[in-house]
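Heads up, the thing below is written out as structure tokens.
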Amino acid sequence: MAQTLEAQFSPSFLEVIDESYQHAGHSGASESGLNSHFRVRIASTQFEGLTRVQRHRLVYDSLQEFLDHGLHALAIEFR
């Protein structure tokens, strides 16, 4: 996920945090309790002048492969 975001946005700041352990047993959590819930903190000049919704769409679109393969929840913080 970090590599995909790096390649897409060349961020000046990027942090990808797996928070799946906090959601074990919840709807959408994988059986292993891993890789289903993430928080992304990102800063990139590519987000300048865009609305919050436009930024979110860009990030979600870039991570579609992960969403298609088990990523259940994604929290995004823009810096």
Inset, instruction - Please enumerate the residues belonging to region 33-77 that are among the acidic types (Asp, Glu) and either within 16 Å of ALA2 (Cβ to Cβ) or not in a helix (DSSP H, G or I) (or both). - result: GLU48, GLU65, GLU77
Inset, instruction - Those residues that are among the hydrophobic types (A, V, I, L, M, F, W, C), surrounded by 16 or more Cβ atoms within 10 Å (Cβ to Cβ) and at pLDDT below 95, I need them from region 10-65; list them, please. - result: ALA29, PHE38
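The values are calculated or read from the model by the stated rules, or taken from the named source; none is laboratory data. Since the structure is predicted, the reported quantities are computational estimates derived from the model, not experimental observations. Cβ sites come from the backbone with ideal geometry, for glycine too, and all protein chains shown count toward neighbours.
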